[in-house]
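Down below is the structure, laid out as structure tokens.
The values are calculated or read from the model by the stated rules, or taken from the named source; none is laboratory data. Nothing here was measured: the structure is a model prediction, and the numbers come from that model. Positions of Cβ are backbone-derived with ideal geometry, glycine not excepted, and every protein chain shown enters the neighbour counts. Please note that ligands, DNA and RNA were not included when accessible areas were found on the heavy atoms of the full protein model with its side chains. Shrake-Rupley method; radii C 1.70, N 1.55, O 1.52, S 1.80 Å.
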Amino acid sequence: MSDPQTVLLTGAAGLVGTFLRARLPEQGHRLRLFDRVPIPGEPDAVTADVRDAAALADAMRGVDAVVHLAGIATEAPFPDILGSNIEGTYHVYEAARRTGVRRIVFASSNHAVGFTGRPPAGEPVGVDTPQRPDTYYGLSKCFGENLASLYADRHGIDTVSLRIGSCFPEPTTVRMLSTWLSPDDCARLVHAALTAPVSGHQVVYGISANSRAWWDLEPARRLGYRPQDDAEEYAAGLLAEHGELAEDDPDHRYIGGAFTRM
Ligand code: 15L
């Protein structure tokens, strides 16, 4: 696939959406923004819910690819997750099918496999580990990955599902020394997922080049992702403040950390 000219960004007002709005244009992408809330300073952004099929289809006309971030970004009651994350993602894929968009980058999450035990050092968890959601939120990400697989096989829509770790300006916990995805690396990863010659559905982990990484970054590197940041530069400060994780701390036992107790 050649570089997309126009990319629809759902959830553009959110944290990751805001990081990407500031960075993807530098990579040559022209963004069309979509969110359920207005975005200050972006008068052309579409303000609509992702369950609004007509608004989505309108927004996708002339678009080369979609980066689908919209949805609740943490645990919530099942009816809320069902509407925003499960039905919302279904509507994004249906609109893509109907309007002929053939590439989606789906913001999945490490919480699709959050009940996976923390791996021993040097044996990172692969993308083929079984789904083990740690929350209804994680379950919605499993649904999204499986929906992507269905729409790839049935309708020829290619998807890269990014199992994002902790995408924040800086790591703020000891767990994030392993799970951090810097905003700049996030944009590098999304750019690679938009432009790599992918066919079908692929899952990759989304973290920076963290020395303490728990997840295998090779599949993302094969897409052309070249992370530049490493949470290790924050290690001394975070360990001095919080100490090493205790054995019974969920952040120590499971890769989904505290989500396994939500
Ligand atoms: C996620 O999927 C959440 O959206 C984010 O807010 C963080 O909690 C992150 O996972 C994480 O695991 O740190």
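Tabulated results
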read-out: Helix axis angle, 136-155 relative to the chain longest principal axis, alpha carbon, degrees; value: 50
read-out: Diffusion constant of the stretch 1-152 at 4 °C, which comes from Stokes-Einstein with the Kirkwood Cα-pair radius and 1.567 mPa s, µm²/s; value: 80
read-out: For Y254, distant residues with modelled amide H under 5 Å away; value: R118
read-out: Separation in nanometres of the label points that stand 7 Å from Cα toward Cβ, at R221 and R30; value: 3.6
read-out: 3J(HN,Hα) from dihedral phi, the stretch 222-235, Karplus parametrisation 6.51/-1.76/1.60, rounded to Hz, x for glycine, proline; value: 5, 7, x, 6, 10, x, 10, 10, 9, 4, 4, 5, 9, 4
read-out: Surface share of carbon and sulfur [accessible, 1.4 angstrom probe, percent] for the stretch 168-235; value: 43
read-out: Table column - 3J(HN,Hα) (Hz), the stretch 47-59, Karplus curve with 6.51, -1.76, 1.60, x for Gly and Pro; value: 9, 6, 7, 5, 8, 8, 4, 5, 5, 5, 4, 4, 5
read-out: Packing-based ranking, highest mean first, of 170-183, 116-129 given that Cβ atoms within 10 Å are counted; value: 170-183, 116-129
read-out: Accessible area of the stretch 1-144 belonging to carbon and sulfur atoms, whole % at 1.4 Å probe; value: 51
read-out: Label point distance in nm, D184-S211, each placed 7 Å from Cα along Cα→Cβ; value: 1.8
read-out: Placed amide H near N210: partners under 5 Å, 5+ positions off or other chain; value: A231
read-out: Heavy-atom accessible area per residue - the stretch 6-261, 1.4 Å, Å²; value: 42
read-out: Principal axis dimensions, largest first and in whole angstrom, of the chain by Cα; value: 51, 37, 36
read-out: Gain upon complete extension [A54, H242; 0.36 nm per residue less C-alpha separation]; value: 62.8 nm
